[in-house]
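Below: one structure, written as C-alpha cells.
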Amino acid sequence: MIKRRVEVKLSEGATEMLRKLPFEDQKRLYGVILSLRTDPFPARAEKIPMSESYRITVGAFRILYEMEGTTVRVEAIRSILAGLI
C-alpha cells in the first residue's frame, strides 16, 4: 500500500515553543512531526472531542494538530508538566 505524503506546517506558536526546548526534546518532537507527512493519523494520535484537532503525546509534551485537506497544521506544542493541557 502506497501512502500519500502530506505537507506539514507549523504555526508561529508551535515553532516558537519548539525553539525554546532543549535540543534533545526538539529532535524527538521534530521526528514525530515529520512522521505526520506519511501517516497523519498514527495509532497514538487521539481525536480531541468536539474539535477537528488531534493530539499526540511525546514524553512530557503534546503536539496538537489539524488536518486541512492535504496539509497537517501543527497548532501547538505544550508541556504536560506545565499543566497547559
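Values in this text are rule-based calculations from the coordinates and carry no lab data. Bear in mind that the values here come from a model prediction, so they are computed numbers and not experimental data.
How big is the Rg/Rh ratio for the chain, C-alpha atoms only, Rh by Kirkwood, two decimals?
Computed over Cα atoms, the ratio is 0.95.
Defining a contact as two alpha carbons under 8 Å apart and six or more residues distant in sequence, what relative contact order in percent does the range 7-79 show?
Relative contact order here is 38 percent.
Do the sum for the chain: with -39,500 (n - 2.57) for every DSSP H run of n ≥ 4, divided by all residues, what is the mean residue ellipticity at 222 nm, to the nearest 500 deg cm²/dmol?
-8000 deg cm²/dmol
Using the alpha-carbon atoms, what tilt in degrees (0 to 90, nearest 10) does helix 23-35 show relative to the longest principal axis of the chain?
Tilt relative to the chain: about 20 degrees.
Run the numbers for GLU24 and SER11: contour at 0.36 nm per residue of separation, minus the present Cα-Cα distance, in nm.
Separation in residues times 0.36 nm, less the Cα-Cα distance, equals 2.6 nm.
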